[in-house]
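Written out below as structure tokens is the structure these notes cover.
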Amino acid sequence: NGVVSAFNVKLEIAFFLGLTASCPWWSYQVWAFINPGLKRKERWTAVTFIGASVPLFLTGAGLAWYLLPQAVAILTATLLSADVYFDFILRMTVAFGLSFLLPVVMAALTMMNAVETRTWLKQWRLATVIAFIFAAVATPTGDPGTLCALALPIIAIYFAAIAVCAVYEHIQLWKVM
């Protein structure tokens, strides 16, 4: 761990920065591959989902960066090596970012008629438990503050997504009439 850890950190940072810097290029390539097979309405829906996903992910990652000093203060009670520190930052940022994509997934499932809004609403207790379990796994500090800082926004965006799904179902109901 000690001899190669500095090299591993450099490799991980290079990979992370390379992936981030090349994101516009490979995102365009994915879009260029998928776009010809989509109908006009599907293109609009895909652009809407992408447009919602980027700020949601960045909000979650931003929350992680906001909470990092508190989490690092707790973890640095013991001396950390650079690779452990970088892994922690990367894992926490990605976990927070991905957790904020929950509304996009919920809306997609509702728009595909896979899950109804009332089902999401009925399962709020289970969603709350899952949010806290996810937060406990994603935040290695173990302190209740960081745990709640991730779980409570996940629960809030869960209910916001329910509202979006309800509006979508209401609009679809009006189209049928």
Of the residues that make up region 98-110, is at least one among the β-branched types (Val, Ile, Thr), surrounded by 16 or more Cβ atoms within 10 Å (Cβ to Cβ) and more than 19 Å from the chain's Cα centre (by Cα)?
no
Within region 88-97, how many residues are open to solvent by 20 Å² or more (accessible area, probe 1.4 Å) and either touching a residue at least 60 places away in the same chain (Cβ under 8 Å) or among the small types (Gly, Ala, Ser) (or both)?
1
Restrict the check to region 124-141 and report whether at least one residue is polar (S, T, N, Q) and more than 30 Å from Lys10 (Cβ to Cβ).
yes
Hey, among Ala135, Ala151, Ala161, which residue is touching a residue at least 40 places away in the same chain (Cβ under 8 Å) and either of a type in the set (Phe, Trp, Tyr) or surrounded by 13 or more Cβ atoms within 10 Å (Cβ to Cβ) (or both)?
Ala161
Against the condition more than 17 Å from Ala151 (Cα to Cα) and modelled with pLDDT of 90 or more, how does Leu126 come out, does it pass?
no
Yes or no: Trp44 touching a Ser or Thr at 6+ places or on another chain (Cβ under 7 Å), in a helix (DSSP H, G or I) and open to solvent by 80 Å² or more (accessible area, probe 1.4 Å)?
no
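The values are calculated or read from the model by the stated rules, or taken from the named source; none is laboratory data. As the structure is a computational prediction, the values presented were derived from the model and not from experiment. Every residue, glycine as well, gets a Cβ built from its backbone with ideal geometry; the counts of neighbours run over all protein chains shown. Areas reflect the complete protein model, heavy atoms only, side chains present, ligands, DNA and RNA absent. Shrake-Rupley method; radii C 1.70, N 1.55, O 1.52, S 1.80 Å.
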